[in-house]
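The values are calculated or read from the model by the stated rules, or taken from the named source; none is laboratory data. Since the model is a prediction, treat every value here as computed from it, not as a measurement. FYI the Cβ positions are ideal-geometry reconstructions off the backbone, even for glycines, and counts take in every protein chain you see.
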Amino acid sequence: MTEYPPALRAENVSVGYSKHEVISGLEVSVSRGHITTLIGPNGSGKSTLLKALARIQPLARGSVYLDGTDIHHMPTKVVARKLGLLPQSPLAPEGITVAGLVRRGRHPHGRSLGRGTIGDTEAVAEALELTGTASFAMRTVDSLSGGQRQRAWIAMVLAQSTPILLLDEPTTFLDIAHQIEVLELLSRLRHEHGKTVLLVLHDLEQAAAYSDQIIALKAGKIAAVGPPKKVATEAFVADVFGLASRVIQDPDTGSPLILPRGRITRDDSTESNTLD
Ligand SMILES: Nc1ncnc2c1ncn2[C@@H]1O[C@H](COP(=O)(O)OP(=O)(O)O)[C@@H](O)[C@H]1O
Ligand SMILES: [Mg+2]
């Protein structure tokens, strides 16, 4: 048992767009110094939950606690020093370089004008180094490949030097080697730098291999929570993804591997039905 409150906690959180409720009455706890992964079908509310936890999305009901304090009672700068968010589809200002983008991660730490401090320079250099983006730091973000661009965004969030990282599909657009590179980086940040990581992934096997805890969403509600080996079962894959499968153990690591055996046609597992 830890004596500290969880890094992030959602209590009875509901969020909607206009009158349409997208997540309802969620209880979520993100443990400090661990990797927690949100998974679930398209449209199940993963991005909405991440934005609600980062205070980007207003709550219809409930509360979010950051380090035990109601996030809606905290000054913006304090929130930005504790928590960095990489949204699912971030937009870069036209013509900005990778280095310029990454420097923007330093804004919560003080002066937005001028040359910045030694601390800023070090944090930017470290973020470029960790993400392998230093070699194209002077190129514009527009000119990069999808994978390079994604790593530049991750570098921007890392430069913010927050103890908590929220990353919405950080491996999208990356080839398999770069996906693993990002997951290994997150694992290093967790193990060597004590970071708390909450991310959205689509790949259940990768989620299982790299997470301490998995939170599965289905139609805006929690379908399962727990350590990967408990969550990634054949019944779970059928229920949440509407997929028949066999789940076996990775012979080297013991992590669950999902062998798809075909779509189960069932109304409540399709994206369109999560919306109505
Ligand atoms: N800005 C928005 N305005 C209206 N509806 C939205 C908006 N963003 C998301 N939604 C709806 O909320 C639901 C959950 O979306 P989202 O949180 O993006 O799911 P996920 O990230 O799991 O794919 C979907 O039905 C989506 O269409
Ligand atoms: Mg999403």
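Reported count of residues in the stretch 162-180, each being assigned to a helix (DSSP H, G or I) and touching a helix residue (DSSP H, G or I) at 6+ places or on another chain (Cβ under 6 Å), is 1. Checking the stretch 59-67 against the condition returns no match, with no residue being crowded, with 19+ Cβ neighbours inside 10 Å and farther than 30 Å from GLU11 by Cβ. Summed over the stretch 44-102, the residues that are within 13 Å of ligand 1 (Cβ to nearest atom) and not aliphatic (A, V, I, L, M) give a count of 11. The residues of the stretch 244-254 that are of a type in the set (Gly, Ala, Ser) and out of contact with any Asp or Glu (no Cβ under 7 Å at 6 or more places or on another chain), listed by number, are ALA244, GLY254. Residue pairs whose Cβ atoms lie under 6 Å apart, sitting 6 or more positions apart in sequence or on different chains, and linking a residue in the stretch 117-144 that is polar (S, T, N, Q) to a partner that is surrounded by 15 or more Cβ atoms within 10 Å (Cβ to Cβ), are THR131/ARG151; THR131/ILE154; THR131/ALA155; THR133/VAL98; THR133/ARG151; THR133/ALA152; THR133/ALA155; THR140/THR97.
Sort out which residues of the stretch 73-100 are hydroxyl-bearing (Ser, Thr, Tyr) and free of Cβ contacts under 8 Å to residues at least 40 places away in the same chain, and write them in order of number. Selection gives THR76, SER89. The residues in the stretch 182-207 that are within 18 Å of GLY43 (Cα to Cα) and out of contact with any Leu (no Cβ under 8 Å at 6 or more places or on another chain) can be counted, and the count is 3.
Is it the case that ARG61 is within 15 Å of the chain's Cα centre (by Cα) and not aromatic (Phe, Trp, Tyr)?
Answer is no for this residue.
Among the residues of the stretch 19-77, not one is over 25 Å from PRO108 (Cα atoms), of a type in the set (Val, Ile, Thr) and out of contact with any strand residue (DSSP E or B) (no Cβ under 8 Å at 6 or more places or on another chain). Is one or more of the residues making up the stretch 145-157 more than 16 Å from ligand 2 (Cβ to nearest atom), within 19 Å of the chain's Cα centre (by Cα), assigned to a helix (DSSP H, G or I) and among the polar types (S, T, N, Q)? Within the stretch 145-157, one or more residues are more than 16 Å from ligand 2 (Cβ to nearest atom), within 19 Å of the chain's Cα centre (by Cα), assigned to a helix (DSSP H, G or I) and among the polar types (S, T, N, Q). The residue that is modelled with the lowest pLDDT, counting only those in the stretch 16-38 that are buried (at least 23 other Cβ atoms within 10 Å of the Cβ) and within 9 Å of ligand 1 (Cβ to nearest atom), is ILE23. Residues in the stretch 166-190 that are within 16 Å of ligand 1 (Cβ to nearest atom) and surrounded by fewer than 17 Cβ atoms within 10 Å (Cβ to Cβ) were compared, and the one that is modelled with the highest pLDDT is THR172.
Matching residues to (1) of a type in the set (Phe, Trp, Tyr); (2) surrounded by 18 or more Cβ atoms within 10 Å (Cβ to Cβ); (3) modelled with pLDDT of 95 or more:
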| position | (1), (2), (3) |
| --- | --- |
| ILE214 | no, yes, yes |
| ALA224 | no, yes, yes |
| PRO227 | no, no, yes |
| PHE236 | yes, yes, yes |
| SER245 | no, yes, yes |
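Residues of the stretch 191-200 that are in contact with a helix residue (DSSP H, G or I) (Cβ under 6 Å, 6 or more places away or on another chain) and either more than 16 Å from ligand 1 (Cβ to nearest atom) or basic (Lys, Arg) (or both): LYS195, VAL197.
THR131 meets the conditions (1) touching a helix residue (DSSP H, G or I) at 6+ places or on another chain (Cβ under 7 Å); (2) within 16 Å of ligand 2 (Cβ to nearest atom); (3) hydroxyl-bearing (Ser, Thr, Tyr) in every case but one. The failed one is (2).
Just the residues that are within 24 Å of GLY119 (Cβ to Cβ) and in a loop (DSSP other than H, G, I, E, B), please, taken from the stretch 93-104. If the condition is that a residue be within 24 Å of GLY119 (Cβ to Cβ) and in a loop (DSSP other than H, G, I, E, B), then PRO93, ILE96 are the ones that fit. Taken together, the residues in the stretch 29-78 that are within 16 Å of ligand 2 (Cβ to nearest atom), of a type in the set (A, V, I, L, M, F, W, C) and part of a strand (DSSP E or B) amount to 2.
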